[in-house]
Amino acid sequence: MEVSITMSQTLLERAALVVEEAWPYLEHSKETRERLAHAAASLTVSLPVRMDDGSLSIFAAYRVRYNTARGPSKGGIRFHPDVSLDDVQALAFWMTFKCALLDLPFGGGKGGICVDASKLSPMELERLSRRYVDAIADFIGPNLDIPAPDVYTDARIMGWMADQYGIIHRQFTPAVITGKPLAMGGSHGRVDATANGAFHVVERVLKGRKKKREKTTVAIQGFGHAARPLAQRLFQSGYCVVALGDSKGGVYAAHGLDVPSLRKLKEEGVAVIEAASRSEKGAKVRTITNEELLALEVDVLIPAALEDQITEQNVDDVRAKYIFEVANGPISQSVNARLVDAGVRVVPDLLVNAGGVVVSHFEWVQNRTGQCWSEQKVAKKLERQMVEASDLVTACAKDKGISLRTAAYVLALERLEAAISAHGTHTFFEGG
Ligand code: GLU
């Protein structure tokens with residue numbers, strides 16, 4: 001189906017166009033369509049925070065519950081200087097579909113604070129995180145909306161937030177936030193869950209190809225919380241990781257990079273280019289730009305940074321055979337079809353990066369039942385859920401002759417349609 005897109009449209013408007021492509025492939029009601037076109041609730045707050053030097057800074061912040069038909073809304077909180085309400089709504093919209101695709105009993109939500117966290121001291125960051133929870137405390141809850149980490153937030157921040165929620169409600173309430181430190185009700189396997197989930201999808205989708213892992217070249221854009229453990233696991237499993245990059249630029253080595261040393265240095269705060277010059281001494285490592293990384297002729301390209309990385313400007317340069325979207329929305333909606341038509345197998349974010357929220361669900365279940373599952377149990381259950389979802393998406397795409405992305409949306413929409421109509425009334429008016 002042809003859909004027309006302009007870059008002046010908001011991220012949410014562009015995200016919604018993908019759903020338009022999926023509707024023709026399932027029976028649905030007009031009312032479900034209308035319901036899913038709007039965020040259920042959006043909260044904008046400003047957070048006054050005392051800085052270490054005594055001055056006051058005000059930060060804009062948001063929390064959105066996009067849809068709660070399948071359960072409490074679920075989704076991370078991102079700290080980023082460019083975050084806007086529109087972005088948060090689009091991200092919450094994606095979470096709605098991601099949770100439905102993985103059959104989790106959750107709706108979709110998301111939060112964000114407009115901040116460059118790298119410019120704050122640890123004390124300022126803690127005050128900001130606690131202030132955010134003060135402002136949104138009535139908007140979230142274990143049965144209402146459950147935050148988690150996202151871009152530039154982590155377990156330490158989730159710990160402060162869960163603690164603050166406990167202070168406000170005068171009781172320990174671990175199930176209100178997932179991705180917490182293990183010591184305060186976090187789950188084993190949550191930190192690397194997105195990476196491990198993506199790894200299972202890569203393995204499942206590539207299964208059956210003749211090319212050996214050692215000959216399968218991989219380029220990864222981004223070297224953050226998700227990309228680092230993913231690069232490491234691919235490397236350890238024998239894949240040839242030829243390129244890696246962070247916001248400062250990337251590195252390329254035709255014979256493969258020494259991922260463990262790069263990871264170690266990056267975790268000590270060293271940027272990828274500098275890390276490679278220290279760890280790969282003497283080896284043939286070339287410095288590349290972000291644009292060059294996305295245009296490499298590799299088997300597998302993994303955008304694991306931010307939205308809109310492959311756009312009208314660079315889509316024709318892409319030469320990868322497979323793209324696994326670890327970031328949310330890294331391929332602009334307007335160019336997705338062009339990649340698919342050119343024969344690139346694009347495996348969508350909805351599926352590829354769902355490991356994080358899958359283990360968040362495990363954490364929520366453990367918190368609510370007072371259990372603590374072993375690392376092995378979490379790993380096994382994650383693998384099973386990711387493999388099942390991959391197979392469902394692949395089969396649906398094959399069966400209906402549609403792209404993997406449209407198939408993921410069709411499956412998610414079927415479940416959302418069922419939940420929305422189970423909540424009542426509209427079928428009477430639509431004669432369903
Ligand atoms: N921020 C992650 C995502 O976009 C995880 C969300 C969660 O665990 O709730 O999927």
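The values are calculated or read from the model by the stated rules, or taken from the named source; none is laboratory data. What you see is a predicted model; the values in this text were computed from it and never measured. Note: ideal-geometry Cβ built from the backbone for every residue, glycine included; neighbour counts use all protein chains shown.
Worth a mention:
- Restricting the stretch 158-200 to residues that are crowded, with 24+ Cβ neighbours inside 10 Å, of a type in the set (Val, Ile, Thr) and part of a helix (DSSP H, G or I) leaves a set whose member that is nearest to the ligand (Cβ to nearest atom) is 194.
- Entirely in the stretch 19-86, the strands (runs of 3 or more DSSP E) that have 1 or more residues that are closer than 21 Å to residue 364 by Cβ and of a type in the set (Val, Ile, Thr): 56-67, 73-79
- Set 121, 129: member being surrounded by fewer than 24 Cβ atoms within 10 Å (Cβ to Cβ) and over 24 Å from residue 365 (Cα atoms): 121
- Neighbours by Cβ (under 7 Å, 6+ apart or cross-chain): first from the stretch 110-122, in contact (Cβ under 8 Å) with a residue 40 or more places away in the chain; second away from the ligand (no atom under 15 Å from the Cβ) and among the hydroxyl-bearing types (Ser, Thr, Tyr): 113/132
- Scope the stretch 104-118; condition assigned to a loop (DSSP other than H, G, I, E, B), surrounded by fewer than 24 Cβ atoms within 10 Å (Cβ to Cβ) and more than 15 Å from the ligand (Cβ to nearest atom); matching residues: 114, 116
- Residue that is nearest to the ligand (Cβ to nearest atom), among those in the stretch 201-210 that are of a type in the set (Lys, Arg) and surrounded by fewer than 20 Cβ atoms within 10 Å (Cβ to Cβ): 207
- Among residues of the stretch 94-103, those that are more than 11 Å from the ligand (Cβ to nearest atom) and either modelled with pLDDT under 95 or surrounded by fewer than 24 Cβ atoms within 10 Å (Cβ to Cβ) (or both), counted: 1
- Applying the set (1) modelled with pLDDT of 95 or more; (2) more than 16 Å from the ligand (Cβ to nearest atom) to residue 338 leaves exactly one unmet item: (1).
- The selection criterion, being surrounded by 15 or more Cβ atoms within 10 Å (Cβ to Cβ) and out of contact with any strand residue (DSSP E or B) (no Cβ under 6 Å at 6 or more places or on another chain), holds for residue 224.
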